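The values are calculated or read from the model by the stated rules, or taken from the named source; none is laboratory data. Being a predicted model, the structure only gives us computed values, none of them experimental. Don't worry about glycine lacking a Cβ; one is built from the backbone with ideal geometry, like all the others, and counts go over all protein chains shown.
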Amino acid sequence: MLEGNEEFNFDEVSFKPLTKGLGFHKKEPPSVVMNSAQIKSQPFPKKLKGHQVLPSKGHESLGTFYGHSNTWQDPFGDKPVEEEESTPEKSVEFCEALHYEKLFSFLADLIVILGLVSITFLCFFYFSPMTANQGVGLLSSFIFLKAFLILFSVYFLTYFSFFDLSRSPGKDLFNLKLIGVNGGQLTFKQTFLRSIIALISFLVAFLPLIVDFHGKLSDSRLVKNEQKSD
């Protein structure tokens, strides 16, 4: 209550709104000040790789119930390849053929070739219209010798080029076979080169055959068809 003539000073009275404290005013969260050292870029999540477990909520029991795991397999992903332990291959050693075995096997093959040439000429004389006197005259002529050398050379090259890829009848008779210098299988190029040098050796007294010149040039060697015992 005011007494006498005292005036009411409105400046000394502070008014507060009625909504103050009724829940209409919320406190603002305190501002957090971060320096540049605390701000770091968060790394992005890496791409899913094959056989990586995907996050699943509420489905773990289903995977256990149906007998499969909650994994994701990338069909185009690279699968780890296990390196197999390389085991060194054991080199197979063969026994070298003896000189007399080489000689007799070559003579046996040579007899087979001469037999094929003789059968060819017999068929020619049998089916030809010439008489016996004409046939005898042809055998003593230079034309027959020329034809014999050509036919013998063709049979010789064909015989050894193809049969030496496995085993010729003469080598099979003495249990021999041709292999490469490294123990591998021969190619047609090697057997053809070997047969050419063997054919030329007829002109130089079989000297290339004696020193195994045809084997050195064709990278081949004649061995027994049995492995060397330790």
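Suppose we filter region 125-144 for residues that are of a type outside the set (S, T, N, Q) and more than 57 Å from the chain's Cα centre (by Cα); how many remain?
7
Considering only region 174-206, state which residues are surrounded by 15 or more Cβ atoms within 10 Å (Cβ to Cβ), farther than 22 Å from residue 153 by Cα and either modelled with pLDDT under 90 or within 29 Å of the chain's Cα centre (by Cα) (or both).
Those that are surrounded by 15 or more Cβ atoms within 10 Å (Cβ to Cβ), farther than 22 Å from residue 153 by Cα and either modelled with pLDDT under 90 or within 29 Å of the chain's Cα centre (by Cα) (or both): 177, 179.
For region 125-152, what are the residues that are of a type in the set (Gly, Ala, Ser) and either surrounded by 12 or more Cβ atoms within 10 Å (Cβ to Cβ) or in contact with a Leu (Cβ under 8 Å, 6 or more places away or on another chain) (or both)?
Those that are of a type in the set (Gly, Ala, Ser) and either surrounded by 12 or more Cβ atoms within 10 Å (Cβ to Cβ) or in contact with a Leu (Cβ under 8 Å, 6 or more places away or on another chain) (or both): 135, 137, 147.
Does any residue in region 207-218 that is at pLDDT below 90 come within less than 6 Å, Cβ to Cβ, of a residue that is hydroxyl-bearing (Ser, Thr, Tyr) six or more places away or on a different chain, and which pairs are these?
Partner pairs satisfying both residue conditions: 208/201; 209/201.
Return yes or no: is residue 122 free of Cβ contacts under 8 Å to residues at least 40 places away in the same chain, surrounded by fewer than 16 Cβ atoms within 10 Å (Cβ to Cβ) and more than 49 Å from the chain's Cα centre (by Cα)?
yes
Identify all residues within region 84-106 that are modelled with pLDDT under 75 and either of a type in the set (D, E, K, R) or closer than 19 Å to residue 168 by Cβ (or both); write none if there are none.
Scanning region 84-106 gives 84, 85, 89, 90.
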